[in-house]
1. Just need the relative contact order of the stretch 3-260 here, percent rounded to a whole number, with Cα pairs under 8 Å and 6+ apart.
2. How big is the antiparallel share of DSSP beta bridges in the stretch 3-260, given as a percent to the nearest 5?
3. Which order do R260, R58 fall in if you start with the one that has the fewest other Cβ atoms within 10 Å?
4. For the stretch 27-44, take each phi angle, set θ = phi - 60°, evaluate the Karplus expression 6.51 cos²θ - 1.76 cosθ + 1.60, and give the result in whole Hz per residue in order, putting x for glycine and proline.
5. So what are the three principal axis dimensions of the chain from its Cα atoms, in whole Å, longest to shortest?
6. Mean Kyte-Doolittle of at least -0.5 and a Cα length of 15 Å or more along the axis: which whole DSSP H helices of the chain meet both?
7. In whole Å, what are the Cα extents of the stretch 1-44 along the three principal axes, biggest one first?
8. Test of understanding: ordering W65, W194 by Cβ neighbours within 10 Å, fewest first, what list do you get?
Amino acid sequence: MRDVIVGLAPVSEGDIDVGKDASVDFVKDIDVFIEKGVSMIRLRATDSNGKYSSDFVRFSQLAVWVRERADIIVELPTEGGVDVTPNQRVDPLLLNPDVVSIMPGSVNCGEDVLYNPLGYIEFLVKYCNSSDLKPMFRVVSGGMIRRVAVLTHHITEIYPPLMFNLVFGGDDFLPADYGSLLFLRDMLPSESVWFASVKGELSSAFVLMVVSLGGNLIIGKEYNSSFDEVEVNSNMELIEKVVGLLKSVGYGVSTVQQVRSIISV
């Protein structure tokens, strides 16, 4: 069987002051994460209240600490939070991450709306092209995938392979079931490199559905509170459970070097 790319999103909203100092658990453990099969990490900073932050200083500290410890593919988000303007969200791009996460459309988040206007999306894609950064489209609906198709055919070239992270679960997104997964997967352009994530509980069944359909995984505290109805207490525990499941049914996990070759970063 093939090797699966395992990405880690280690920071949950509620973690206090991530990026303030180098004592962050996931920074200290990152070399172990890589040994266990993680090849990409999604960095998020938080403020003193545990809210996601786009503070450039905190992002830059995190990026420096991670890169000092290990060679791993660094993903930075441009979604920010509902109270963060598009102008504030682009600051982390100056840190030259390997992968830039872009949400190609606005989305409801509880009572609020995460606003991603078309001009902002176009700007991000063109910036990635001009700066040799890899965009990864974080999508929660078929309309977002359609928006990427419009971008690639009518507005600006996106260098292959296209990357997508399909996000399921919670109150605002599609449920993490086979029908929803197949619906979004079948809309993706051919030869895409795609991942799936679930907000809330992650199950063995969903993991195996994703990989059997050719997908990869982004897991971690940002998304997952439990695995197979059992609470997970750490990123390390979740990695061990998911990678152990993959290996038990014959899949391998991709190395950082393999993934760099696959996604051309």
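1. Over the stretch 3-260, the number comes to 22 percent.
2. Close to 15 percent.
3. With the fewest neighbours first, R260, R58 line up as R260, R58.
4. Once rounded to whole Hz, the list reads 5, 5, 9, 5, 5, 6, 4, 5, 4, 8, x, 7, 10, 9, 10, 9, 8, 10.
5. 45, 43, 39
6. Length and hydropathy pass: 56-69, 118-131, 235-248.
7. 41, 19, 11
8. Final ranking by Cβ density, sparse to dense: W65, W194.
A short reminder: the numbers here are calculations on the coordinates, not readings from a lab. These numbers come from a predicted model, not from an experiment. Don't worry about glycine lacking a Cβ; one is built from the backbone with ideal geometry, like all the others, and counts go over all protein chains shown.
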